[in-house]
Amino acid sequence: MRSLIPTFVAERYLNRQFKGRFRAACMVVDVSGFSKMTDVLAEHGQHGAEVLAEVMQAVFDPMTESVYGRDGFIVGFAGDAFTALFPQETGLGSAAERAIAAALTIQKRLSAFVHATPYGEFRISVKIGLGKGEARWQIIENDNGENATFYFRGTTIDRAVKAELSARAEEILVDSHFYQELRGNLEGTWHGEQLFQVSDYRGKWPKFNKPEKVSLREDLLRTFWPEAILQLKQSGEFRPAVNVFIGIPPELQSKNGPEVLLKKVLELQERYGGLLSRPDFGDKGFNLLLFWGAPITQESDIERALSFVVDLQAEMNYPFKAGITYRTSYAGFMGSTLREDYTCYGWGINLAARIMTSAKEGEILVDSEIARRAGRKFKFQPIGERVFKGFARPQTVFKFLGRKEKIEEAIFSGSFYGREKEIERLNQFIGPIWSGKFAGMFTIRGEAGIGKSRLVYEFRNSPLFANKKVLWTICQTDEIIRQPLNPFRYWLKNYFNISDDKKDEAENKRKLEQKLEQLILATRDTELAINLERDRSFLGSLVNLNWPNSPYDQL
């Protein structure tokens with residue numbers, strides 16, 4: 001089995017330990033050159049993906065070996081970067097000594113690294129930031145204990161991130177706390193008062209222990225990763241994916257905020273799917289990165305992703321910001337046999353991160369591809385073009401405004417031929433209605449794409465209904481939100497003209513009561529009228545309205 005979680009996390013989860021803290025050195029490594037290489041290799045299909053996987057392995061194998069050989073472990077990968085921790089209480093030598101030895105080894109191994117492929121040579125370089133301080137960790141389970149995620153945070157990570165952001169290609173920068181521990185043995189120059197660029201280490205290097213892969217239990221991995229990833233045979237592929245980058249505001253980062261948030265994320269994933277990349281406390285603060293479309297693509301991936309964001313914001317009741325894109329990405333395993341993650345990599349993820357960073361608090365911004373593909377069911381407001389670092393051309397950005405209260409009906413073009421018999425059968429079937437009688441139920445069946453929706457569309461717009469008052473009851477099914485009576489909930493919201501905005505609750509209640517009163521007055525059946533009055537609160541519950549101490553509330 002693949003080493004998809006740190007053994008540090010695996011051991012504590014099996015012992016039912018869910019949080020803790022320790023002193024550690026942290027190393028953040030950022031690899032440059034993969035974005036350009038990914039663009040070139042994406043043009044060569046599956047073979048390009050295989051070549052990219054080979055290059056990644058050639059790059060990450062020596063780096064992960066350098067970390068684990070010095071008694072450190074990799075927390076996780078974020079695109080072409082990774083974060084590693086060296087706990088103080090484990091290993092030979094101090095945490096700082098082991099971290100600097102690993103960093104210098106990585107720098108030496110990958111200095112001026114050029115990898116030759118059938119599609120050209122690619123230069124890879126790294127920059128490294130090191131910090132020293134406290135690391136805190138937590139494992140979060142969903143309510144039924146079947147799924148879990150984890151995160152690491154703390155001053156040691158914050159300091160390493162700050163150092164890495166200031167570093168340039170092939171540089172190693174350490175923060176002042178890290179420097180103080182090794183100050184007699186570090187050679188280099190100061191970058192301001194807080195950061196020191198290391199050129200060499202004169203102290204005694206800690207012993208290097210050749211690391212061996214640790215096999216993790218399959219049932220344990222299944223708790224942290226979906227089955228589809230555990231069964232993957234190929235290393236990677238290029239495929240279209242939805243990238244959702246969510247930035248969490250500072251007020252939610254204290255106390256039990258992350259735990260409450262991540263429990264809700266795991267809950268919503270059961271409904272909408274999506275792959276959660278490890279929660280990250282990095283250079284963009286506390287953020288979540290999720291993907292739809294990898295490793296399995298569904299027609300409704302964009303709708304699922306947008307619905308996930310809408311419900312997360314509504315149920316958490318606080319304004320986070322997000323960037324959402326739809327692009328072709330490299331989807332696959334990144335790392336080595338010692339430690340790896342499954343992730344998506346490419347300009348789509350970079351753009352989602354840039355868009356999220358540019359958003360105001362509470363804003364959810366999307367790219368033009370999301371807005372174009374989801375405009376029938378969701379609302380978007382164009383806000384123009386924006387220039388982002390790393391992108392040669394300005395990118396068109398839209399503000400995401402939520403679900404449409406009424407889904408736009410599909411508009412069919414062209415003439416309609418060959419269904420005259422079916423239209424006539426429908427005309428005959430509804431004949432009794434014009435005499436005030438019940439006609440029954442008519443079912444239309446057929447293979448996907450054969451034209452069922454077009455047939456109903458043409459029937460509804462036929463001359464037969466031109467001068468007749470008809471109430472059409474459209475009960476829309478939903479493959480994503482599979483809750484009881486959902487098609488009727490959909491229709492009742494339209495019938496009572498209910499808004500999804502929680503601020504409109506009082507107005508929504510007024511609309512429902514007014515419409516229901518009209519219906520009761522028009523009902524000749526006394527018993528039915530009494531039932532409608534009695535069941536007012538039950539109808540309201542189907543459109544998310546509740547009255548304290550009502551019959552529904554009491555039940």
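Tabulated data for the structure shown
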read-out: Every residue from the range 309-330 that is crowded, with 24+ Cβ neighbours inside 10 Å and either touching a Gly at 6+ places or on another chain (Cβ under 6 Å) or over 25 Å from Ser358 (Cβ atoms) (or both); value: Thr325, Ser329, Tyr330
read-out: Whichever residue in the range 477-501 is open to solvent by 70 Å² or more (accessible area, probe 1.4 Å) and of a type outside the set (D, E, K, R) and, among such residues, is farthest from Ser307 (Cα to Cα); value: Asn497
read-out: Residue list for the range 259-289, filter: of a type in the set (D, E, K, R) and under 20 Å from Arg136 (Cβ atoms); value: Glu259, Lys263, Arg278, Asp280, Asp283, Lys284
read-out: Those residues of the range 363-382 which are open to solvent by 30 Å² or more (accessible area, probe 1.4 Å), in contact (Cβ under 8 Å) with a residue 24 or more places away in the chain and out of contact with any Asp or Glu (no Cβ under 7 Å at 6 or more places or on another chain), in sequence order; value: Ser368, Glu369, Arg373, Lys379
read-out: Residue match in the range 121-136 (condition: part of a helix (DSSP H, G or I) and either of a type outside the set (Asp, Glu) or under 28 Å from the mean Cα position of the chain (by Cα) (or both)); value: no
read-out: Residue satisfying condition, being loosely packed, with under 13 Cβ neighbours inside 10 Å and at pLDDT 95 or above, within set Thr156, Thr149, Thr189; value: Thr189
read-out: Neighbours by Cβ (under 6 Å, 6+ apart or cross-chain): first from the range 9-31, of a type in the set (D, E, K, R); second open to solvent by less than 40 Å² (accessible area, probe 1.4 Å); value: Lys19/Gln138; Asp30/Ala81; Asp30/Lys127; Asp30/Glu164
read-out: The range 423-468, residues that are assigned to a loop (DSSP other than H, G, I, E, B) and touching an Asp or Glu at 6+ places or on another chain (Cβ under 9 Å); value: Ile444
read-out: Some residue of the range 391-404 being open to solvent by 10 Å² or more (accessible area, probe 1.4 Å), closer than 30 Å to Pro6 by Cα and of a type in the set (A, V, I, L, M); value: no
read-out: The lone exception for Leu464 - which of (1) surrounded by 10 or more Cβ atoms within 10 Å (Cβ to Cβ); (2) modelled with pLDDT of 85 or more it fails; value: (2)
read-out: Hey, Arg183 among the basic types (Lys, Arg) and surrounded by fewer than 17 Cβ atoms within 10 Å (Cβ to Cβ) or not; value: yes
read-out: Single condition Asp504 does not satisfy, out of (1) in a loop (DSSP other than H, G, I, E, B); (2) modelled with pLDDT under 85; value: (1)
read-out: Output for the range 407-422, where each listed residue is open to solvent by less than 90 Å² (accessible area, probe 1.4 Å) and modelled with pLDDT of 90 or more; value: Glu422
read-out: Residue match in the range 328-340 (condition: basic (Lys, Arg) and in contact with a Ser or Thr (Cβ under 6 Å, 6 or more places away or on another chain)); value: yes
read-out: Meets criteria (more than 26 Å from Ser435 (Cα to Cα) and not polar (S, T, N, Q)) for Arg534; value: yes
read-out: Unique match (being under 30 Å from Ser541 (Cβ atoms), in contact with a Phe, Trp or Tyr (Cβ under 6 Å, 6 or more places away or on another chain), open to solvent by 50 Å² or more (accessible area, probe 1.4 Å) and not charged (D, E, K, R)) among Thr473, Thr443; value: Thr473
read-out: Residue match in the range 226-237 (condition: open to solvent by less than 40 Å² (accessible area, probe 1.4 Å) and closer than 28 Å to Gly131 by Cβ); value: no
read-out: Matching residues in the range 180-203 - criterion: being under 16 Å from Ala103 (Cα atoms) and without any contact (Cβ under 8 Å) to a residue 40 or more places away in the chain; value: Asn185, Glu187, Gly188, Leu195, Phe196, Gln197, Ser199, Arg202
read-out: Residue match in the range 522-532 (condition: part of a helix (DSSP H, G or I) and of a type in the set (Ser, Thr, Tyr)); value: yes
read-out: Matching residues, the range 502-526, being surrounded by 12 or more Cβ atoms within 10 Å (Cβ to Cβ), in contact (Cβ under 8 Å) with a residue 12 or more places away in the chain and either in contact with a His (Cβ under 8 Å, 6 or more places away or on another chain) or of a type in the set (D, E, K, R) (or both); value: Glu505, Lys509, Lys511, Glu513, Lys515
read-out: Residue count, the range 523-542 (criterion: within 19 Å of Asn494 (Cβ to Cβ) and among the hydrophobic types (A, V, I, L, M, F, W, C)); value: 4
read-out: Single residue of the range 282-305 satisfying the filter (out of contact with any helix residue (DSSP H, G or I) (no Cβ under 6 Å at 6 or more places or on another chain) and of a type in the set (A, V, I, L, M, F, W, C)) that is surrounded by the fewest Cβ atoms within 10 Å (Cβ to Cβ); value: Phe286
read-out: Count of the range 331-350 residues which are hydrophobic (A, V, I, L, M, F, W, C) and either within 13 Å of the chain's Cα centre (by Cα) or crowded, with 24+ Cβ neighbours inside 10 Å (or both); value: 4
read-out: Selection count where residues are under 18 Å from Pro62 (Cα atoms) and of a type in the set (S, T, N, Q), scope the range 23-44; value: 1
read-out: Among the residues listed as Thr223, Thr156, the single one being in contact with a Lys or Arg (Cβ under 8 Å, 6 or more places away or on another chain) and among the polar types (S, T, N, Q); value: Thr156
read-out: Subset of the range 328-358 (residues that are of a type in the set (D, E, K, R) and outside any strand (DSSP E or B)); value: Arg339, Arg354
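The values are calculated or read from the model by the stated rules, or taken from the named source; none is laboratory data. This one's a predicted model, so the numbers in the text were calculated from it and none came from an experiment. Here Cβ is always computed from backbone atoms with ideal geometry, including for glycine, and neighbour counts include all displayed protein chains. What goes into the accessible areas is simple: the full protein's heavy atoms, side chains included, and nothing from ligands, DNA or RNA. Shrake-Rupley method; radii C 1.70, N 1.55, O 1.52, S 1.80 Å.
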